[in-house]
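Visitor: After the structure tokens below, expect a handful of questions from me.
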Amino acid sequence: MVSSRPKNIQIVLYFIIMALLTGLFSIFSPVTFGTIQEIPRSPAWGDSMVLATIPPILQLPSCSIDSQGMVHVVYRDTVGNYSDVFHLTIVDGTPSPPENLTTYPSLKESVVSNIDSSDTLQVAFLDNRSGAWQVYLLDSGEKEVTQVTDTANHKEDVSLSIGPRDERILTWTEFEGGIPHIFMTVLDSGGNIQVPRYRVSGVNASIKSSTYADESGIYMLHLEKSGYDHILFHQIDYEGEVLSSIDLDEYIHLDPVKLGIFKGPQLIVGERMTCIWSDFRTGSNDLYAIQFTGGGTRVTESLQLTHNPTGVWSWMPHGIRHKGVIHLLYVNNAFGHRIFHSVLGESYEELGTISPGKERAMAPCLVSDGEELHSIYLQFGEENTFNIVYRNTYPSEEKKISLSDQLEESSIRYLYSLGFSFLFAFPLAFRDNALALVILVCGFFIFRFFKLRDVCRSLPRSEYILVMGGITMLSLLRGPFDYTFLAPISYSMPFLLYGLAMSIIFAVLFKYLIGSRFDFEIRVLLACFVFCYLSTLFPLLPIIPHI
């Protein structure tokens with residue numbers, strides 16, 4: 001028998017039981033809840049491997065590959081109050097222990113690497129051991145560190161290319177008079193400075209250089225700030241003379257606040273030069289490409305590769321020419337910071353994400369050994385850290401999961417869904433019903449102030465009539481069932497109507513169970529609050545496993 005004046009603990013228990021029953025009716029609904037837009041998966045990539053965990057300061061790792069197919073990963077990590085440059089190798093999917101290449105105390109940043117013709121790793125980085133940031137080059141074979149610059153100006157964004165005779169071409173951004181410019185120097189194979197430091201860019205602010213070197217000379221792209229950003233292309237000989245400079249036109253529209261974590265235009269060389277960059281001229285960040293000859297003559301106009309809706313970003317692209325076509329990895333935030341794989345050949349083709357499950361990642365680096373692709377990237381780790389993760393496209397054995405493990409995983413997923421949804425439904429209920437809740441609370445105070453309960457009590461079943469009126473208002477004024485920010489879902493109308501019907505039934509039942517506890521208007525208000533919560537909880541439950 002139900003008490004006409006249940007205790008407070010009983011009322012809380014009634015509410016919890018209603019929420020659990022709603023969860024069960026939602027999870028085991030006789031009608032389909034809708035469809036989850038499946039995130040396309042790139043079929044080629046194997047399992048991920050965590051190589052190292054680094055502090056939360058964003059430092060892009062560098063990846064290169066030698067003629068034997070050995071993958072070299074270079075990154076910055078902290079040691080005490082300082083930072084050092086670490087190096088590890090991956091052979092046949094097995095990583096080596098990390099080696100500290102710089103064991104002296106100082107701060108180091110902007111670490112990049114490349115491989116020369118003798119398969120020796122060359123590493124360039126910024127170092128403030130002398131009190132000012134300077135560019136250094138480390139030969140991992142000879143264990144020699146060469147200081148390349150000797151100026152007090154602030155520097156950032158070092159890049160390193162290797163020439164056909166093992167020349168080391170270094171470029172960086174350096175501030176002169178508060179204005180950033182692109183500087184370059186060339187060292188010979190012995191580490192001797194062949195072309196001293198000189199400024200490549202003009203009078204306008206310039207940042208984010210990308211270089212490539214072959215027998216014909218050095219090719220460089222960088223951004224120049226003139227109104228909006230322009231992409232400039234230079235061809236330079238090994239004596240440091242600029243043979244040609246071409247403005248590829250005004251393209252880049254970057255957020256100045258976030259500019260520091262963007263990769264600049266990426267130069268990919270083959271039969272044609274290809275420039276890849278990210279631009280938000282349309283209100284979303286999309287990838288663009290343009291192809292031109294070594295002399296800077298356009299072969300194609302700029303091509304928009306991705307077509308994102310407003311607010312969605314495709315950015316930080318990194319590309320490599322592999323088996324005659326350009327392969328790209330880039331970050332897309334539409335599905336929670338995932339890395340996507342695409343191919344640019346005669347046409348552009350999206351292959352899907354390489355990120356498994358709920359992995360969130362950024363800053364991909366892509367290399368090829370001629371047979372398959374290798375990639376490293378930063379994965380968002382626990383406790384505000386980044387994991388450096390490695391993947392390749394070599395075939396891997398498919399893992400078999402036993403039936404008992406599948407059942408255990410399924411039961412854990414349902415329990416997790418129920419618990420997480422129970423808590424998360426509170427803020428969502430307020431978000432979706434804010435206007436109706438304000439009106440409902442105002443109506444409550446009107447009843448209190450004008451003492452309308454006596455008038456309503458004269459009507460039969462007046463409390464239930466008011467509860468249904470409040471529920472009707474909540475249903476009409478609530479916002480759309482839009483939880484795409486959690487998962488790409490499209491609800492079916494029968495499921496939503498079924499959920500509303502069950503929420504109404506449980507809200508009315510809750511009103512019955514609390515009997516004569518509390519005042520007239522408080523009972524009506526509580527029943528409406530219960531409906532508001534349950535109608536939010538019901539559609540939320542099925543999508544939690546897909547977040």
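The values are calculated or read from the model by the stated rules, or taken from the named source; none is laboratory data. The model shown is predicted, which means the values in this text are computed figures rather than measured ones. Cβ sites come from the backbone with ideal geometry, for glycine too, and all protein chains shown count toward neighbours.
Visitor: Exactly one of these conditions fails for Ser48: (1) over 30 Å from Ser535 (Cβ atoms); (2) exposed (fewer than 15 other Cβ atoms within 10 Å of the Cβ). Give me its number.
Guide: Answer for Ser48: the failing condition is (2).
Visitor: Would you check if Thr306 is closer than 22 Å to Leu60 by Cβ and outside any strand (DSSP E or B)?
Guide: In short, yes.
Visitor: Go through the stretch 86-105 and count every residue that is more than 19 Å from Ser118 (Cβ to Cβ) and in a strand (DSSP E or B).
Guide: 6
Visitor: Another question about this same structure. Would you tally the residues in the stretch 186-221 being within 37 Å of the chain's Cα centre (by Cα), part of a loop (DSSP other than H, G, I, E, B) and of a type outside the set (Gly, Ala, Ser)?
Guide: So the count comes out to 3.
Visitor: Among Ser402, Ser417, which is the only one that is over 29 Å from Phe86 (Cα atoms), modelled with pLDDT under 80, touching a Pro at 6+ places or on another chain (Cβ under 9 Å) and among the polar types (S, T, N, Q)?
Guide: Exactly one of Ser402, Ser417 is over 29 Å from Phe86 (Cα atoms), modelled with pLDDT under 80, touching a Pro at 6+ places or on another chain (Cβ under 9 Å) and among the polar types (S, T, N, Q), namely Ser417.
Visitor: Looking at Val71, Val111, can you tell me which residue is in contact with a strand residue (DSSP E or B) (Cβ under 6 Å, 6 or more places away or on another chain), closer than 18 Å to Glu144 by Cα and assigned by TED's automatic domain parsing to the domain that holds Thr149?
Guide: Result of the check over Val71, Val111: Val111.
Visitor: Filter the stretch 310-325 for residues that are farther than 19 Å from Ser62 by Cα and either in contact (Cβ under 8 Å) with a residue 60 or more places away in the chain or of a type in the set (A, V, I, L, M, F, W, C) (or both) and give the result.
Guide: Val312, Trp313, Val325
Visitor: Let me ask another. Looking only at residues that are touching a residue at least 12 places away in the same chain (Cβ under 8 Å) and under 41 Å from the mean Cα position of the chain (by Cα) in the stretch 461-475, which one is surrounded by the most Cβ atoms within 10 Å (Cβ to Cβ)?
Guide: Leu474
Visitor: Could you grab the pairs with beta carbons closer than 8 Å, sequence gap of 6+ or different chains, first residue in the stretch 1-23 and farther than 26 Å from Leu496 by Cα, second one at pLDDT below 85 and exposed (fewer than 13 other Cβ atoms within 10 Å of the Cβ)?
Guide: Qualifying pairs under 8 Å: Ser4/Ser516; Arg5/Ser516; Gln10/Ser3.
Conditions tested, residue by residue: (1) in a loop (DSSP other than H, G, I, E, B); (2) closer than 30 Å to Phe335 by Cβ; (3) not aromatic (Phe, Trp, Tyr).
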residue	(1), (2), (3)
Leu13	no, no, yes
Ser26	no, yes, yes
Val31	yes, yes, yes
Pro43	yes, yes, yes
Asp84	no, no, yes
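Visitor: Of everything in the stretch 1-36, what is surrounded by 13 or more Cβ atoms within 10 Å (Cβ to Cβ) and either acidic (Asp, Glu) or modelled with pLDDT under 75 (or both)? Give them in sequence order.
Guide: Scanning the stretch 1-36 gives a single hit, Ile36.
Visitor: Return the pairs, sorted by first residue and then second, in which the second residue is assigned to a loop (DSSP other than H, G, I, E, B), the first residue lies in the stretch 27-50 and is over 30 Å from Phe422 (Cβ atoms), the beta carbons are less than 6 Å apart, and the residues are 6+ apart or on different chains.
Guide: Correct list of pairs: Ser42/Ile354; Ala44/Thr393; Trp45/Ile354; Trp45/Thr393; Gly46/Ser396; Asp47/Ser396.
Visitor: Could you list all residues from the stretch 492-547 that are more than 33 Å from the chain's Cα centre (by Cα), over 26 Å from Ile9 (Cβ atoms) and not small (Gly, Ala, Ser)? Give the derivation first.
Guide: Quick first cut of the stretch 492-547, residues more than 33 Å from the chain's Cα centre (by Cα) only: 494, 497-532.
Subsequent filtering for residues that are over 26 Å from Ile9 (Cβ atoms) retains 494, 497-501.
If the condition is that a residue be more than 33 Å from the chain's Cα centre (by Cα), over 26 Å from Ile9 (Cβ atoms) and not small (Gly, Ala, Ser), then Pro494, Leu497, Tyr498, Leu500 are the ones that fit.
Visitor: Further question: Just the residues that are crowded, with 21+ Cβ neighbours inside 10 Å and either out of contact with any Ser or Thr (no Cβ under 6 Å at 6 or more places or on another chain) or of a type outside the set (Ser, Thr, Tyr) (or both), please, taken from the stretch 150-165.
Guide: Listed by number, the residues that qualify are Lys155, Asp157, Val158, Leu160, Gly163.
Visitor: Specify the residue that is farthest from His318 (Cα to Cα); the eligible residues are those in the stretch 244-273 that are β-branched (Val, Ile, Thr) and at pLDDT 60 or above.
Guide: Among residues in the stretch 244-273 that are β-branched (Val, Ile, Thr) and at pLDDT 60 or above, the one farthest from His318 (Cα to Cα) is Ile246.
Visitor: What are the pairs, 6+ residues apart or on separate chains, where a residue within the stretch 359-384 that is modelled with pLDDT under 95 and part of a loop (DSSP other than H, G, I, E, B) has its Cβ under 9 Å from a residue that is of a type in the set (Lys, Arg) and surrounded by 21 or more Cβ atoms within 10 Å (Cβ to Cβ)?
Guide: Glu359/Arg338; Arg360/Arg338
Visitor: Out of (1) at pLDDT below 90; (2) surrounded by fewer than 23 Cβ atoms within 10 Å (Cβ to Cβ), what's the single condition that is false for Phe529?
Guide: Failed condition: (1).
Visitor: Please enumerate the residues belonging to the stretch 175-185 that are surrounded by fewer than 21 Cβ atoms within 10 Å (Cβ to Cβ) and part of a strand (DSSP E or B).
Guide: Phe175, Glu176, Ile179, Thr185
Visitor: For residues that are within 22 Å of Glu271 (Cβ to Cβ) and crowded, with 16+ Cβ neighbours inside 10 Å, scanning just the stretch 233-245, find the one that is nearest to the chain's Cα centre (by Cα).
Guide: Looking at the filtered set, the residue picked out is Phe233.
Visitor: Which one is farthest from Val195 (Cα to Cα), of the residues in the stretch 208-232 that are buried (at least 18 other Cβ atoms within 10 Å of the Cβ) and among the acidic types (Asp, Glu)?
Guide: Asp229
Visitor: Which of the residues belonging to the stretch 43-72 are modelled with pLDDT under 85 and farther than 17 Å from Asn387 by Cβ?
Guide: Once the filter is applied, which keeps residues that are modelled with pLDDT under 85 and farther than 17 Å from Asn387 by Cβ, the stretch 43-72 yields Pro43, Ala44.
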